[in-house]
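Beneath this line is the structure, given in structure tokens, with notes to follow.
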Amino acid sequence: MATRTAEKGILSEAKSGERDQLLEMLKKAYWMELETVMSYIANSINPDGVRAQEIVESLQQDVQEELGHAQQFAARIKELYGVVPGSLEFTAEQSYLQPPEHQTDIVHVIKGVIEAETGAIEHYNAIIEATEDSDPVTNDMVIAILRDEEGHRRLFEGFLREYEAEGLA
Ligand SMILES: [Fe+2]
Ligand SMILES: [Fe+2]
């Protein structure tokens, strides 16, 4: 007897086209998370100065969270009959999170983090929209991840406000 394939939902034969489109979005999300891990490791270690401590500690924690997000996206790619891509397919995009010229330039790091989180928020909203009717599991997963990214952005907006209030940003 042939194995029955799913008749309903995103794993069904009828949804294979939609699944392929979704896989591309999930792969992009996976790369975004991994590049964020790289950028946050560097920016949790490079900064100098007393003022940098809060930022450094916050980014250290975020590294683990973003890595967890990457693993969730990878697992979902597999569940949707995709293959988690190899590192040679990776292209870096976070020009705004490169190390600043001076390692005491914390405003550069804060603004870079806000930019990265904003990019993630935009892409994840697009995935949530695309999966609204077709894939409740991905939809649910990405809503939870979106909440983390909104929390990250809000925290760093608060840091930026403090610098702006003091005329340093
Ligand atoms: Fe993330
Ligand atoms: Fe984040």
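The values are calculated or read from the model by the stated rules, or taken from the named source; none is laboratory data. A quick note: this is a predicted structure, and the numbers were derived from the prediction, not measured. All Cβ positions, glycine included, derive from the backbone under ideal geometry; neighbour counts span all protein chains shown.
Under 8 Å by Cβ, and 6 or more places apart or on different chains, what pairs join a residue from the range 60-88 that is β-branched (Val, Ile, Thr) with one that is exposed (fewer than 15 other Cβ atoms within 10 Å of the Cβ) and modelled with pLDDT of 95 or more?
Sorted first by the residue in the range 60-88, then by its partner, the pairs are 77/83; 84/78.
So in the range 132-145, with the set limited to residues that are away from ligand 1 (no atom under 13 Å from the Cβ) and exposed (fewer than 14 other Cβ atoms within 10 Å of the Cβ), which one is nearest to residue 72 (Cα to Cα)?
Once the filter is applied, the top-ranked residue is 140.
Please find, within the range 132-151, the residue that is farthest from ligand 2 (Cβ to nearest atom) out of those that are farther than 26 Å from residue 81 by Cα and acidic (Asp, Glu).
This residue is 150.
Which is among the polar types (S, T, N, Q) and closer than 30 Å to residue 20 by Cβ, of 53, 103, 64, 71?
Checking each option against the conditions leaves just 71.
Name the residue that is farthest from the chain's Cα centre (by Cα), counting only residues in the range 127-169 that are part of a helix (DSSP H, G or I) and of a type in the set (S, T, N, Q).
131
Answer yes or no as to whether residue 60 is surrounded by fewer than 17 Cβ atoms within 10 Å (Cβ to Cβ), at pLDDT 95 or above, within 13 Å of ligand 1 (Cβ to nearest atom) and among the polar types (S, T, N, Q). Even if it seems obvious, please write down each step before you answer.
On the way: surrounded by fewer than 17 Cβ atoms within 10 Å (Cβ to Cβ): yes; at pLDDT 95 or above: yes; within 13 Å of ligand 1 (Cβ to nearest atom): no; among the polar types (S, T, N, Q): yes.
Judged against the criteria, residue 60 is not a match.
For the range 10-27, enumerate the residues that are touching a residue at least 12 places away in the same chain (Cβ under 8 Å) and either among the polar types (S, T, N, Q) or within 22 Å of residue 156 (Cβ to Cβ) (or both). Spell out the reasoning first.
Going through the range 10-27, the residues touching a residue at least 12 places away in the same chain (Cβ under 8 Å) turn out to be 10-11, 15, 18-19, 21-23, 25-27.
Result: 21, single match.
What single numbered condition from (1) within 16 Å of ligand 2 (Cβ to nearest atom); (2) closer than 30 Å to residue 18 by Cβ; (3) not polar (S, T, N, Q) fails to hold for residue 154?
Among (1) within 16 Å of ligand 2 (Cβ to nearest atom); (2) closer than 30 Å to residue 18 by Cβ; (3) not polar (S, T, N, Q), residue 154 violates only (2).
Consider residue 58 against the criteria (1) assigned to a helix (DSSP H, G or I); (2) closer than 19 Å to residue 130 by Cα: it satisfies all of them except one. Which criterion is unmet?
(2)
For the range 45-57, what are the residues that are of a type outside the set (Val, Ile, Thr) and exposed (fewer than 14 other Cβ atoms within 10 Å of the Cβ)?
48, 49, 53, 54, 57, listed by residue number.
Kindly evaluate residue 92 against the criterion of being free of Cβ contacts under 8 Å to residues at least 60 places away in the same chain, in a loop (DSSP other than H, G, I, E, B), under 17 Å from the mean Cα position of the chain (by Cα) and more than 30 Å from residue 11 (Cβ to Cβ).
Spelling it out, residue 92 is indeed free of Cβ contacts under 8 Å to residues at least 60 places away in the same chain, in a loop (DSSP other than H, G, I, E, B), under 17 Å from the mean Cα position of the chain (by Cα) and more than 30 Å from residue 11 (Cβ to Cβ).
Residues to consider are 11, 34, 26; find the one that is more than 16 Å from ligand 2 (Cβ to nearest atom), part of a helix (DSSP H, G or I) and not aromatic (Phe, Trp, Tyr).
26
For the range 111-131: of the residues being surrounded by fewer than 21 Cβ atoms within 10 Å (Cβ to Cβ) and more than 17 Å from residue 73 (Cα to Cα), which is farthest from ligand 2 (Cβ to nearest atom)?
Across the range 111-131, the extreme among qualifying residues is 111.
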